[in-house]
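The values are calculated or read from the model by the stated rules, or taken from the named source; none is laboratory data. Since this is a predicted model, take the numbers as computed values, not measurements. Cβ atoms come from the backbone with ideal geometry, glycine included; neighbour counts cover every protein chain shown.
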Amino acid sequence: MPLLSKVATFSFNKESFLAMGGFMVVKNLLLLINFLSLLGGLILIGGGGWIEAHENEQALSSILNSVAIGAIVIGVFVTLVSFFGCFGAANERGILLKTYFALLSVLIILQVAIGSAAYSKRDNIPSLLENTWTDLYHTSNSTIEKLEFYFQCCGFHNTTNMASPATCIINSSNLSNSTGCYSAISSSLSRELSTIGGAGLALGLIELIGLVFSALLFRRIAQKERASDNLMNEAWRINRSKIQYGYQNYQYV
């Protein structure tokens, strides 16, 4: 019977099955990684835009403006890279995966460079905070008041060091907050930088995984394309041989 004959001649190629399964796993994982990166990029763009829209309500608007612009730029770049990764993996386009690999490599290098530069400047943070506070004290006393109110502190190092007495009062008994703003701001900054650093490490790990998966996927796609080309060449050779054989028989007749 035709069905039994097909079953009898069926052969299970374990290597091909595992290779195809591994290809689909890598492809789907790369899609997932880039989808998460795409969401992260959009969140950065949205967060940066929100800060830009509300920066005038914040105490350190100039600093926040720089943070917002940086978040938007990074978000746009991450979104662009993720698009190439998603589209290239979904459609199995080698050229898009090449572009994704190149852009992701540049992004990782930039992140390492920025992280190294920030780490090398960590000792300048105390002087940067003091210079910023001094400038604000002489040019924008209202900003000092906002900072003292927000951090529940008084003065920079202590209550007698560049303080705004109006916001140093913490209750109706006219008791002053004795905590200097330097310690409060630096503690808050350390927490924020730790959070950002942890997020950066997680993002870097995801990007490295994406880099490896994109290389594996591109290699597999290249192998499939070569196999397809070889098959087409073989089919063309067979058809050409048939045509030549038919032509020779025609001449013989």
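Taking the criterion of being under 17 Å from A222 (Cα atoms) and buried (at least 18 other Cβ atoms within 10 Å of the Cβ), the residues of the range 78-98 that qualify are G85, G88, A89, L96, L97. For S16, the requirement of being under 22 Å from F213 (Cβ atoms), at pLDDT below 55 and either charged (D, E, K, R) or part of a helix (DSSP H, G or I) (or both) is met. Filtering the range 136-162 to residues that are farther than 14 Å from A184 by Cα and over 35 Å from the mean Cα position of the chain (by Cα) leaves Y137, H138, T139, S140, N141, S142, E145, T160, N161, M162. Which one of these is under 30 Å from L104 (Cα atoms), assigned to a helix (DSSP H, G or I), modelled with pLDDT under 80 and of a type in the set (A, V, I, L, M): A215, A227? Sole residue among the options that is under 30 Å from L104 (Cα atoms), assigned to a helix (DSSP H, G or I), modelled with pLDDT under 80 and of a type in the set (A, V, I, L, M): A227. Under the condition of being of a type in the set (A, V, I, L, M) and either within 29 Å of F151 (Cβ to Cβ) or at pLDDT below 75 (or both), the residues counted in the range 19-44 number 4. For D123, the conditions (1) closer than 30 Å to L203 by Cα; (2) not in a helix (DSSP H, G or I) are fulfilled apart from (2).
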